[in-house]
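Here's the structure we're looking at; comments come further down.
Please treat every number below as a calculation from the coordinates, not as lab data. What you see is a predicted model; the values in this text were computed from it and never measured. No Cβ is skipped: glycine too gets one built from the backbone with ideal geometry, and neighbour counts run over all protein chains shown.
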Amino acid sequence: MSITTDVRKYRETVLEQGKQALDEARKPWYAAVGASDLAYDRIQKQLTQLPVEVQGQLRRLRGTAGELDAAHVRAAVGTATGQARETYAAYTGLVREQYESLAHRGELVVRRLRRSPEVRGAFGKAEELMSEAGEKVEQAEEKVTKPGPRRTAPHSTTARKAPARRTAAKS
């Protein structure tokens, strides 16, 4: 195999690996954007429902406040502990699914944002810079794979001999 073929093969391999790495690097960012969007939506919904829920809970507490004793409190704590363990076990399995869902949601938000003229311009500039970088890599590959004019050694030899002459002149 020639050196050119090897370099092209390695370049293609590195390019493919870079694309895969970039896709994986974007996923946490998409998940963060998706989580932020989901949290914003849920907070808005909860804020509209909060006054009604608070008033309902306040009425329930007033009605049951006189009925509490130590046995009821122990039973309630035991029940709450069991429910907390069950809830924790149930949510552990859902974490991975939620992460993937948030990453997908974030990707959709990013796609929506990319449609805006300002963001589209920024991405256009980034793609332009990536294209220029690719051209520079290709130029560098050509310099490495194609033999250029041979350089002569006297330039480097003269540079080494010059300091030796100066020291000889000082003696």
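If a spin label sat at a point 7 angstrom from the Cα of H104 along the line to its beta carbon, the backbone N atoms of the range 21-40 nearer than 20 Å would be those of 23-40. Of the cross-linked pairs K19/K136; K27/K136; K19/K146, those separated by over 25 Å at the C-alpha level are K27/K136; K19/K146. Past the 25 angstrom mark, what percentage of all C-alpha to C-alpha distances in the range 1-137 do you count? Of all Cα-Cα distances in the range 1-137, 61 percent exceed 25 Å. Label sites at S116 and H72, each approximated as a point 7 angstrom past Cα along Cα to Cβ, lie 5.3 nm apart.
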